[in-house]
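The values are calculated or read from the model by the stated rules, or taken from the named source; none is laboratory data. Fair warning: this is a prediction, and the values are worked out from it, not measured in the lab. Note that we place each Cβ from the backbone using ideal geometry, even for glycine, and neighbour counts take in every protein chain shown. Heads up: the accessible areas ignore ligands, DNA and RNA and are worked out on the full protein's heavy atoms, side chains in. Shrake-Rupley method; radii C 1.70, N 1.55, O 1.52, S 1.80 Å.
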Amino acid sequence: MSNGSFDKPAAIAAQGWHLMNEGKVLEREFSFNSFQQAFGFMSQVALIAENLSHHPEWHNVYHLVTIKLTTHDINGLSKLDLKMARLINDVYDDYHQVVKEKR
């Protein structure tokens, strides 16, 4: 997926993200088969967030992880939020590919 495909609200929604709070927040829920898988995903996202110095708001209940992205300094979305969303999607897609291959 190229960065250019992720720069418009419609493209973001097509990738599973929802625009919330009048377009100021991106939100997506991710589902896993277990808490262990969900936590592994969160760990991978945490490493990306730390490298970019851009940290998501998230919530985890057993096999579900909900992530919200926004840039508080501008009270809305920035290019960094879009980049994070794309990278998070890549981690999720890669993670599910590995899980399928292990079956």
(1) in contact with a helix residue (DSSP H, G or I) (Cβ under 8 Å, 6 or more places away or on another chain); (2) closer than 23 Å to Asn33 by Cα; (3) basic (Lys, Arg) all hold for Lys68 apart from (1)
Residue set His63, His72, His59; condition more than 11 Å from Leu26 (Cβ to Cβ), open to solvent by less than 80 Å² (accessible area, probe 1.4 Å) and either in contact with a Lys or Arg (Cβ under 9 Å, 6 or more places away or on another chain) or not polar (S, T, N, Q) (or both); output residue His63
Go through (1) at pLDDT below 95; (2) open to solvent by 70 Å² or more (accessible area, probe 1.4 Å) and name the single condition Glu29 misses. (1)
Checked region 36-56 for anything surrounded by fewer than 13 Cβ atoms within 10 Å (Cβ to Cβ) and touching a residue at least 24 places away in the same chain (Cβ under 8 Å); matches are Leu52
